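Remarks on the structure that follows.
What follows is calculated from the coordinates using simple rules that are stated; it is not laboratory data. Note that the structure is predicted; figures quoted are calculated from it, not measured. Cβ atoms come from the backbone with ideal geometry, glycine included; neighbour counts cover every protein chain shown.
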Amino acid sequence: MIIPPLKKVYISVINDLVTDQRIHRVAALLQSEGMDVTCIGRRLKDSPEPEGISFRYRRYRMVFSKGPIFYACFNIRLFFTLLVAARPSLFVANDLDTLPAGFLASRIRKVPLIYDSHELFTQVPELISRPVVRGIWTRIEKLIVPRLDHAVTVSDSIAEFYRQLYGTRFRVVRNLPFRREPHPDPEMKSAYGGKKILIYQGALNVGRGLELMIETIRYLEDFVFLVVGTGDIEKELREAVREKEFGERVYFRGRLSPEALFPITCGADVGISLEEDLGLNYRYALPNKVFDYIQARVPVLCSDLPEMARIVDVYGVGVATGERDPQKLAEIVRHMCSDHGKRSRKKALDRAAGELCWENESRIYLQLLEDCGVI
């Protein structure tokens, strides 16, 4: 009996593939359907090797690390990689910065393309203040997105935005983690002097509410604040902590693998997601860290922005607030950590964790693969 060759899928993203859990989950899903998956990203100076993965990967070393030349060079390399890729059955382009190469290669090779938009790329704070650069990306988006046959994004609000703007249907596949039982690091509390623990995990970028939480910790003497991740404003945040002499109350843990991070998250008392309303990208955001906190059974303190507030309020797993005063925010944190607050949210967190998981959400992605003719 002749065994047909595995269908080959090429997934492109502009990060280094190490901590991108959405990429890992999609790749694992495709592999579970019997496909040969290759993920393409880039390698940074400090990029470790991805851990706990079974898919093939290729990472470009780029001479330029940012700016128009970087994006152009990356897309050129990606285009030629996809152009000569062996027997492709599907291309997946993640975010607008890999879409030009993926779209052009899919048209030439006559291979279906899925565009996975993790955010409203042209509405990110870094572009709103740079109208010329934003205009270039907007023109690219206007040229390609109306021509897409298969597209997916992370929230209902973003999907509706694209539908109204371009008439393109975007399915919604939220950034949900795998269902897990919490297992907190047993040494967490003692490591931080028995104090209650606030945690932020994700990119350290403008508008994430990190400066606000560093100021809020001034009024929470029996708390520490763990900051897990790296990003553009890390240096400024560390300097602010030094100036305020909060070195024993704010801890920067750097970038951790998902497996190393989960027990730390489970040991926290409150998970922080206080994005500012800096344009539509943040307003419509539904960060994966919100779901990671829920899966770790940690109550969520988030901004009163529509998508994340809906999850927190509907499931009763935390507090959505528009408060930006550090003292008042500290009072909210204290109430969340009171005995009454903990009791009222335990069952809610268990229910939410059982429903808001990749095992359920991946069914939508499987339907998308059927529509592409891949399965």
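Arranged by the count of other C-beta atoms within 10 angstrom, fewest first, what order do I364, I264 take? List each step's numbers first, then the result.
On the way: I364 13, I264 20.
Fewest to most other Cβ atoms nearby, the residues stand as I364, I264.
Which of D97, D277 comes first, and how do the rest follow, when ranked by fewest Cβ neighbours within 10 Å? Could you put the intermediate results ahead of the total?
On the way: D97 20, D277 13.
In increasing order of surrounding Cβ atoms, one gets D277, D97.
On a straight-distance basis, which lysines could pair with K66 in a cross-link, Cα separation under 17 angstrom, same-chain partners fewer than 8 positions away excluded?
K45
Quick check: convex hull over the Cα atoms of the chain, volume per residue in Å³, rounded to an integer?
146
Report the Cα centroid-to-centroid distance between segment 199-265 and segment 8-23 in angstrom, as an integer.
26
What order do you get for K8, K110 when you list them from fewest to most C-beta neighbours inside 10 Å? Please report the intermediate quantities before stating the final value.
On the way: K8 18, K110 7.
The order, fewest Cβ neighbours first, is K110, K8.
Return the single residue from P258, P326, P48 with maximal mean-square fluctuation; model: Gaussian network over the chain, springs between Cα atoms under 10 Å.
So, out of P258, P326, P48, the one fluctuating most is P48.
Given the DSSP H assignment, sum -39500 (n - 2.57) over each helix run of at least 4 residues in the chain and divide by its residue total; what's the result at 222 nm in deg cm²/dmol, nearest 500?
Values: 16 runs with 165 residues, N = 375.
For the chain, the value works out to -13000 deg cm²/dmol.
In the Gaussian network model of the chain, springs joining C-alpha atoms below 10 Å, which of L329, L96, L165 carries the largest mean-square fluctuation?
Answer for the Gaussian network model of the chain: L165.
Would you report the distance distribution of C-alpha pairs in segment 188-355 as whole percents per 10 angstrom bin, up to the bin with the largest distance?
10, 42, 39, 8, 0
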